[in-house]
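Only one structure is covered here, and it is reproduced in the block below.
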Amino acid sequence: MREITYREALREALFEEMRRDDRVFLMGEEVGHYDGAYKVSQGLLAEFGERRVIDTPIAEAGFAGIGIGAAMTGLRPIVEFMSWNFSFVAFDQIISNASKTYSMSGGKIKVPIVFRGPNGAAAQVAAQHSHTVEAFYAHIPGLWVANPSTPRDAKGLLKAAIRMDDPVVFLEGETLYNLKGEVPDASEDEIIPFGKARIAREGKDCTLIAWGAPFHTALAVADRLAKEAGIECDVIDPRTLRPIDETAILESVAKTNRCVIVHETWPYGGPGAEMVDLIQREAFDYLDAPVLRVGSLDVPMPYAKNLESLVLPTPERIETAIRRVTYREER
Amino acid sequence: MSEVKVERWLDDYREMLLIRRFEEESARAYAQGKIGGFLHLYIGQESIAVAAATTIEKGDLVFQTYRDHGTALALGMTPEAAMAELFGKDTGCSRGLGGSMHYFDVENGFYGGWGIVGGHLALAAGAAFRSKYLGEDQVTLCFFGEGATNIGGFHEAMSLAGLWKLPAVFICENNQYAMGTPLSRTSPLSDLSVKAAGYGMVGDRFEGYDVDVVREHLKKAIDRARSGEGPSFLEIETYRFRGHSMSDPGKYRTAEELEERKKKDPILLILGKLRDAGVDEAKIEAIEDEVEERIEAALKHADEAPFPEESLLYETVTVEKF
Ligand SMILES: Cc1ncc(C[n+]2csc(CCOP(=O)(O)OP(=O)(O)O)c2C)c(N)n1
């Protein structure tokens, strides 16, 4: 299979879906003339023109709301946030309007819209620009939340999101845009369904659940521990956080009897806690150790490099957690 | 030419050059990997920060965006504290936790250093509210780019400040581009100062290259605020010579445009004034040497200062502990 970057995979999804359906358009800051702040939308303006690739002023609540209004009345907008940090000024539009309309109208008005953009800490961009937002949005009934970790999932899930008749929060990994990986040809039109996890690695000793940038950290730790300590992890990438693939998680835990969840969000009230609830509720009898979470430290993101790297889920903290649940703490 | 005026200009030159050289060296340190994250340079806009710092009074408060080095330095932050912050060091003005975008220096009236476009205008209005509430006479200045004049945060802060006649001055540094987007593609207006009327404020609009001109206009707005006549909205025409941040190559404008704009470089302007006034070249050179020494000392300090300890992370989450 050919290899392309995560950024190119997203771009292909945008091109393909916009060619397929004239109602689909892209709107956001710097998406057109500048070719995208992170170059995801490069070339779109040239092909589709200013009617469908729309540069907005800095007015997130305004253009998120315009997207929702257009979606309610028949268009299929893709709204790009330059980063998810800037979605907070549009939070009300997403929470009070996008996620509620279908229910509140008694199922009469659909809101087929995708909100997308980079999520998570980049390097040293400090407290206001380093949010990992899945905990905020996965909390809300009425939204779907995707969080692809690989180029293939990025493309397949974005195509699925654009075809969905509901509001989707699509979280791209800010540090993953240059990541390369195998992606099927456009002719295959691969759609990856929401709510289906991907098993990235098989093992009998411990279930390791991770997504976004830390997915790659976790997978590397799993590979290393297999070699160095003979600990074999089942590595699961949930791919979407609303819904969560409960079956995949429970089947794995039934096999390994242990679980570690790794994510970049703060642990407090996060999706990891939701998974812990699922596991203790449905797989209690299978568990041989408490389920552990490894997330960002419970502090605002510092600028200083030495502190930032402590805050993010480090390989050391992931390894310690795996060793604890497998009772292999001695090294 | 009055002695006082020349002394003023010499100080202006020293301050503007300090900011310019500070940022040129920070760009270099960024390229060397000593500084990370986003670094937004103020190069080309120095006259505005210096005019503000030399017009306000002690106790007045200032809010700025992420493009904050110039304003903080002009208000009196030491180059050591400023550079150490960029290097993520414990002796930085925010102890390495804030970085380039989040300078704070309360002793000198500098209240940040804010990263979300439009988010700090209401904070500045809040500081002005406090002065009014306490019956004190400080004025709060709030700086932001022209790109911030479309967002809800701008509108709500301006609405309330206008309604309550808060002692604030809202200053739009119109450097022509919001990241890669020229004003013509973000606003149907070419004169943003007309927005003032919608908030019951006095509007003013002028070029910001000449520090004396900026001072003159600022002074009127500050006096109005201090005397209880309410806030003003100023649109100052300026230009940033560098990209939006270090990662922006600035392809959206031509080399000719940039060269043309550089003819209005505020530092060239102030130098011209000094020379026209017949100031001794030796005096000018002495200032340049002094600035170089201060920048060198700042770089040395930033290099040698310690990184913050892990404990700082936990100490600074909340004031009260549980
Ligand atoms: C709410 C929000 N949206 C987007 C951004 C990303 N962003 C940072 S600066 C900027 C451009 C701002 O331009 P302007 O207000 O003119 O100020 P300048 O940078 O030119 O000083 C953008 C889009 C942000 N920080 N906050």
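The values are calculated or read from the model by the stated rules, or taken from the named source; none is laboratory data. Being a predicted model, the structure only gives us computed values, none of them experimental. When we count neighbours, we look across all protein chains shown, and the Cβ atoms used for this are built from the backbone with ideal geometry, even at glycine. For accessibility, only protein heavy atoms count, side chains too; no ligands or nucleic acids. Shrake-Rupley method; radii C 1.70, N 1.55, O 1.52, S 1.80 Å.
Descriptive notes on the structure:
- In this structure, residue A:284 and residue B:57 have a Cβ-Cβ separation that, at R0 = 41 Å, corresponds to a calculated FRET efficiency of about 0.05.
- Summed buried accessible area for A+B [probe radius 1.4 Å, Å², rounded to 100]: 2600
- Segment B:89-137: C-alpha gyration tensor shape, a/c 1.5 cut-off, then a/b vs b/c: oblate
- Debye, to nearest 20: dipole size of chain A, +1 on Lys, Arg Cβ, -1 on Asp, Glu Cβ: 200
- Summed residue charge, Cβ within 14 Å of residue A:65's Cβ, Lys/Arg positive, Asp/Glu negative: -1
- Taking every DSSP helix (H) stretch of at least 4 residues in chain A, weighting each as -39,500 (n - 2.57) and dividing the sum by the residue count yields a mean residue ellipticity at 222 nm of -10500 deg cm²/dmol.
- 14 Å beta-carbon shell around residue B:249, net charge (K/R +1, D/E -1): +2
- Largest GNM mean-square fluctuation among B:298, B:277, B:127, using chain B with Cα springs under 10 Å: B:277.
- For chain B, a Gaussian network of Cα nodes joined below 10 Å ranks B:209, B:30, B:42 by mean-square fluctuation, and the top entry is B:30.
- Beta bridge orientation in the protein assembly as shown: antiparallel %, DSSP, nearest 5: 15
- Under the membrane-span-like helix rule (DSSP H runs whose alpha carbons stretch at least 20 Å along the helix axis, mean Kyte-Doolittle hydropathy -1.0 or higher), chain A yields A:213-229.
- Chain B, helix-only ellipticity at 222 nm - DSSP H runs n ≥ 4, -39,500 (n - 2.57), divided by all residues, nearest 500: -14000 deg cm²/dmol
- Cβ charges +1 (Lys, Arg) and -1 (Asp, Glu), total dipole of segment A:3-188, debye: 480
- Alpha carbon convex hull of chain B, volume per residue in cubic angstrom: 141
- Between the residues B:284, B:121, B:164, the greatest Cα displacement towards the positive end of the dipole of chain B, with unit charges on the Cβ of Lys, Arg, Asp and Glu, is found for B:164.
- Pairs of Lys residues in chain A that lie 8 or more places apart, or on two chains, and have C-alpha atoms under 13 angstrom apart add up to 4.
- The modelled label-to-label distance between residue B:8 and residue A:220, using points 7 Å beyond Cα along the C-beta direction, is 5.8 nm.
- Of the beta bridges in segment A:198-325, as assigned by DSSP with both residues counted there, near 20 percent are antiparallel.
- Between the C-alpha center of segment B:142-204 and that of segment A:302-327 there is a gap of 44 Å.
- Centre separation in Å (Cα based) which lies between segment A:258-301 and segment A:178-221: 19
- Test item: Cα-centred dipole of the protein assembly as shown, Lys/Arg +1 and Asp/Glu -1 on Cβ, debye: 1620
- Heavy atoms of residue B:134 accessible to a 1.4 Å probe, total area in Å² rounded to 10: 90
- Within the same chain, lysines fewer than 8 places from residue B:220 are excluded, and of the rest, those with a Cα less than 26 Å from its Cα are B:5, B:58, B:132, B:165, B:195, B:264, B:273.
- Comparing A:32, A:49, A:69 in a Gaussian network model of chain A, where Cα atoms under 10 Å apart are tied by springs, the biggest mean-square fluctuation is seen for A:49.
- Span from the segment B:1-20 Cα centroid across to the segment B:282-322 one, whole angstrom: 24
- Loop-located trypsin sites (Lys or Arg not before Pro) in segment B:1-106, at most 10 other Cβ atoms within 10 Å (DSSP): B:58
- Neighbours of residue B:309 by Cβ distance under 11 Å: Lys/Arg scored +1, Asp/Glu scored -1, total -2.
- Anisotropy class of segment B:146-241 from Cα gyration tensor, a/c 1.5 cut: oblate
- Overall form of segment A:21-172 per C-alpha gyration tensor (a/c, 1.5; a/b vs b/c): rounded
- Taking the protein heavy atoms of segment B:266-322 in the context of the full set of protein chains, the accessible area attributed to carbon and sulfur is 55 percent at 1.4 Å.
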